[in-house]
1. For segment 113-122, which positions are surrounded by fewer than 16 Cβ atoms within 10 Å (Cβ to Cβ) and closer than 14 Å to F158 by Cα?
2. Step by step: first the residues of segment 440-458, then only those that are more than 24 Å from the chain's Cα centre (by Cα) and among the β-branched types (V, I, T), then the one that is modelled with the lowest pLDDT. Which residue is that?
3. E418 is checked against (1) within 30 Å of I240 (Cβ to Cβ); (2) acidic (D, E); (3) buried (at least 16 other Cβ atoms within 10 Å of the Cβ) and fails just one. What number does that condition carry?
4. Does T450 meet the test of being in a loop (DSSP other than H, G, I, E, B), touching a residue at least 60 places away in the same chain (Cβ under 8 Å) and either more than 22 Å from M31 (Cβ to Cβ) or of a type in the set (D, E, K, R) (or both)?
5. Checking the structure you have, find out if any residue of segment 60-77 is closer than 27 Å to G353 by Cα, part of a strand (DSSP E or B) and hydrophobic (A, V, I, L, M, F, W, C).
6. Please work out if A494 is hydrophobic (A, V, I, L, M, F, W, C) and surrounded by fewer than 19 Cβ atoms within 10 Å (Cβ to Cβ).
7. Which condition breaks for E463 when tested against (1) buried (at least 24 other Cβ atoms within 10 Å of the Cβ); (2) without any contact (Cβ under 8 Å) to a residue 40 or more places away in the chain; (3) not hydrophobic (A, V, I, L, M, F, W, C)?
8. With (1) touching a residue at least 60 places away in the same chain (Cβ under 8 Å); (2) surrounded by fewer than 19 Cβ atoms within 10 Å (Cβ to Cβ) as the list, and F400 as the residue in question, which single condition is left unmet?
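The values are calculated or read from the model by the stated rules, or taken from the named source; none is laboratory data. In this text the structure is predicted, and so the values were computed from the model without any measurement. Every residue, glycine among them, receives a Cβ derived from its backbone with ideal geometry; neighbour counts consider all protein chains shown.
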Amino acid sequence: MTKDQSAAASERIIIFDTTMRDGEQSPGCSMNLEEKLRIAEYLDEMGVDVMEAGFPIASNGDFEAVTEVSKIVKNAKVAGLSRSGYKDIDRAWEALRHAQQPRIHTFISTSPLHMKHKLQMSPEAVHEAVVDSISHARNLCEDVEWSPEDGTRTERDFLCKCVESAIKAGAATINIPDTVGYTIPDEFADIIGMLRDRVPNIDKAVISVHCHNDLGLAVANTLAAIKAGARQAECTINGIGERAGNASLEEIVMGLRVRHDLMPYENGIVTEKIIGASRLLSSVTGFAVQPNKAIVGANAFAHEAGIHQDGVLKHAGTYEIMTPESVGLLQSSLVLGKHSGRHAFRDKLEQLGFELGDNAVQEAFVRFKALADKKKDVYDEDIIALVEDEITQASEAIKFVSLGIIAGSKGPQQADLELEIDGKVRAIQATGDGPVDATFNAISALMSHTAKLQLYQVHAVTEGTDAQAQVTVRLEEDGKSVNGQGADTDTLVASAKAYIHALNKLIVKRAKTAPEALSA
């Protein structure tokens, strides 16, 4: 290890998670309050240093989410995003003031393109706004972070000027966002190095980076920036985010861990919780992870080629650069059956990372027994799907009750559906072009809406004809899209649950009205 590497070994990378803010801006990823609280609790246990809970000025829903997350988080700092206006900053502070460690994260665009066409402000006016906004935020909150939106396309002299003034005004963290995913690793590292060389007071602030994945380089850019001196990485679980997404937390953290020889830095993430975080987010958003996704994809530790299988059997290190256990991946195993008791079921839930109250365990146990009667083999994945489906339905205004289907080649296909809507059970009969269409028509008849079906996707949770189906549905209404997910051994029941889940999320989405700029 070189002298420089030895010095760096004691340095810590701050992990800033923005799943609940930037991640939620991904089309279809709207989260309700209860879902955000579940994610916040998990991220806190997982060891993230800062979690950005939302954009308080964006809507009453976002304000409430940041407020409630601030109240429950015990270890991490809680950040709220705001633009440079005093009204934004005041609203952010009002939501954050309950947090044990609050942070106001304020931003303004600094690139020529954004200043001219989006802000319609001169560089001088933008610079003045930087100083004014940070000074105002600093009077409210000790911890202030500032971001020059579209930082990687900002003229370097102006970037240095704004960064120096931001630190002088009280910003303790300077975040350089690659807002549109435009930069490449060498260029980004050069920007970070330039700031360290040219900004005289840069040592008084932590340099942070926030990379988007439009060219598929978000993680590479983040790691290059860390090597160049950045000490905070902004990222999301599963890399979700607007457009092509954000830098993936799991890829950054495991990249630092696996290549500790080249990047000898520490972080506080409990990596064994990574798979749990990925599954939780997929359940909440309805966004399934692609099978070949690094670290958390279903094929990330799968070996089909004969030569690979032979090598792994002889020594796992031949084709695995990390162990499945290091990210919390449990090998699928037959552990429970219809004769298993409640105590064994509770133990298995705890092994899988679920912490449920007595009532929730009992309800899940009843569903497990029903599943075990239908399905010969019950695997860990089945239990995960069952419990996540139970949690999803528990907080919904519209709930599935029952479904009867008449299907076949002769037709007409018919659905007899019962839903519980605001506590009252309502029934309807509808026909359609196939059983799925009939089911969706029945739901629409009970819950009138104008949303269009954009995606209908089915995959099996495990192998075999008796496998649970996990269905994802995407609905779009007035430019707003939401994903819903449902699981059941009956594909049509799973389809109904997924559609209902999406409708419930659409109700939440209707109440959200975003401000003009949600980036940074």
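1. Just the residues of segment 113-122 that are surrounded by fewer than 16 Cβ atoms within 10 Å (Cβ to Cβ), to begin with: 113, 116-118, 120, 122.
Result: L113, S122.
2. T450
3. Just one mismatch for E418, condition (1).
4. Working: in a loop (DSSP other than H, G, I, E, B): yes; touching a residue at least 60 places away in the same chain (Cβ under 8 Å): no; either more than 22 Å from M31 (Cβ to Cβ) or of a type in the set (D, E, K, R) (or both): yes.
Taking the combined requirement at face value, the residue does not satisfy it.
5. There is no residue in segment 60-77 that is closer than 27 Å to G353 by Cα, part of a strand (DSSP E or B) and hydrophobic (A, V, I, L, M, F, W, C).
6. On the way: hydrophobic (A, V, I, L, M, F, W, C): yes; surrounded by fewer than 19 Cβ atoms within 10 Å (Cβ to Cβ): no.
Judged against the criteria, A494 is not a match.
7. (1)
8. (2)
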